[in-house]
Every structure is written in C-alpha cells, then in structure tokens.
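Engineer: Here you go, one structure.
The values are calculated or read from the model by the stated rules, or taken from the named source; none is laboratory data. Since the structure is predicted, the reported quantities are computational estimates derived from the model, not experimental observations. Every residue, glycine as well, gets a Cβ built from its backbone with ideal geometry; the counts of neighbours run over all protein chains shown.
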C-alpha cells in the first residue's frame with residue numbers, strides 16, 4: 001500500500017512539474033511575441049512586426065511617450081508609427097529596403113520639415129489640427145526639434 005501511495009504522489013508531482021514547465025514556456029514565448037524593442041534601430045525590417053520593434057527602439061531611445069503602432073502602413077515595405085515628446089507629435093517611418101527609404105526621404109525633404117534619417121528609419125515632427133494655423137506650422141520648425149533623435 002505504501003508503495004502505491006508513493007508512486008501516486010510521485011506521478012502527481014511529476015505532472016505538476018511538467019505543467020509548470022509548460023506554463024513557463026508559454027509565458028516566455030508569449031512575452032517575446034508582444035515585447036517591443038527587441039530589434040536595434042539599425043535593423044533592416046522584413047515585416048510589419050520587425051518594423052514596429054525598430055520604431056519602438058527608436059522611440060524609446062529618444063524618450064518618446066505614447067507610442068502609436070496603429071497607424072496605417074505607408075506601403076507594403078514602409079511603415080509609419082507615432083510618438084510624442086511633450087506636446088510635439090512625431091512620425092517614425094521604417095523602411096524595408098533601400099528604394100523605399102530613398103522615396104520616403106525624398107518625400108520628407110519635399111515637405112520642408114526637419115527630419116532625422118538613419119539606417120532604415122526616419123523621424124519627422126508632425127503638424128496637428130490644433131497647430132495648423134500657428135506659427136509653428138506656418139514656417140518649418142527649428143532643426144533643434146529633432147535633437148532627441150540625432
């Protein structure tokens with residue numbers, strides 16, 4: 001009888017330990033799937049998920065708050081994300097190659113606002129409805145507005 005009870009307790013402990021290992025693996029895998037910023041800013045992204053990780057790293061390095069990952073992509077190989085530093089909203093563009101990067105930077109240049117472009121991303125300050133008629137948008141903002149991203 002004692003042997004049966006000992007084996008039963010051993011089986012229960014084995015099953016309990018196995019369940020804990022499975023839960024731990026699930027927790028680690030799910031955390032790695034939603035964790036932002038695991039890719040450095042110099043990464044060439046090949047998917048929207050990787051682009052989001054790159055943009056989050058850029059935003060984190062600049063001290064951005066309110067990271068917005070729900071903006072529509074620019075194209076299938078260019079993505080746009082948002083963040084704020086104080087009252088200034090920024091757009092972070094992440095490019096999936098040299099051609100999309102060149103086209104995106106040409107658009108930023110034509111817009112006349114200051115921007116910072118490195119590796120496969122670019123950041124620019126955005127106009128908002130609240131500031132549409134302000135002097136801030138009547139002329140390009142000063143280059144210093146981009147200092148956190150340099």
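Engineer: If you take the residues in the stretch 83-104 that are in a loop (DSSP other than H, G, I, E, B) and modelled with pLDDT of 95 or more, which one is nearest to residue 65 (Cα to Cα)?
Structural biologist: 96
Engineer: Hey, another quick one. Please go through the stretch 44-71 and give me each residue that is in a helix (DSSP H, G or I) and buried (at least 17 other Cβ atoms within 10 Å of the Cβ), ordered by number.
Structural biologist: 50, 51, 52, 53, 54, 55, 56, 57, 58, 59, 62 - these are the residues of the stretch 44-71 that are in a helix (DSSP H, G or I) and buried (at least 17 other Cβ atoms within 10 Å of the Cβ).
Engineer: Also, I was wondering about something else. With respect to residue 74, determine if the residue is crowded, with 17+ Cβ neighbours inside 10 Å and modelled with pLDDT of 95 or more.
Structural biologist: Working: crowded, with 17+ Cβ neighbours inside 10 Å: yes; modelled with pLDDT of 95 or more: no.
Taking the combined requirement at face value, the residue does not satisfy it.
Engineer: Out of the stretch 108-123, which residues are without any contact (Cβ under 8 Å) to a residue 12 or more places away in the chain and touching a strand residue (DSSP E or B) at 6+ places or on another chain (Cβ under 9 Å)? Spell out the reasoning first.
Structural biologist: Filtering the stretch 108-123 down to residues without any contact (Cβ under 8 Å) to a residue 12 or more places away in the chain leaves 109-110.
Of everything in the stretch 108-123, just one residue is without any contact (Cβ under 8 Å) to a residue 12 or more places away in the chain and touching a strand residue (DSSP E or B) at 6+ places or on another chain (Cβ under 9 Å), namely 109.
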